[in-house]
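See structure below.
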Amino acid sequence: MLSEADALEGHQTETYDAELVPDARGRTRRPEPDCPVEIALAAISGRWTTLVLRELMAGPRSFGELREALPSLSAKVLTERLTTLADRGLTERTALPGFPPRTSHRLTPTGERLRPLLIELYRTGTAISL
């Protein structure tokens, strides 16, 4: 038997801000892997990820160039972030000819789509910083 609260909840009309939730994928009561917001947040998650993305927004970079641009980032963590970004389809790694072996990393078209998100996160962070 349904409680009165459960019965009332079943009859409530849910309304969503059409700009925030333009389709059913966002009409969830908990984080779902197919929610566009969760997908975007997962794409940029991880310490250093946004800084690596920022560097790649300027164009392809070698591993060494990324290390030089982010000197506090260890080679191990940079390797992990680049692998994760490639696994997410956001970057591509290209082996360059010659010796010693070198690589170049660049954003994919999908990775490039993160630019407005990063810009807005920066603006928002500036606006709400204390």
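The values are calculated or read from the model by the stated rules, or taken from the named source; none is laboratory data. Values in this document were obtained by computation on a predicted structure and should not be read as measured data. Neighbour counts are summed over all protein chains in view; Cβ atoms, including those assigned to glycine, are modelled from backbone coordinates with ideal geometry.
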Considering only segment 23-66, how many residues are surrounded by 13 or more Cβ atoms within 10 Å (Cβ to Cβ) and charged (D, E, K, R)? 7
Can you say whether Arg30 is at pLDDT 90 or above and basic (Lys, Arg), as far as the supplied structure shows? no
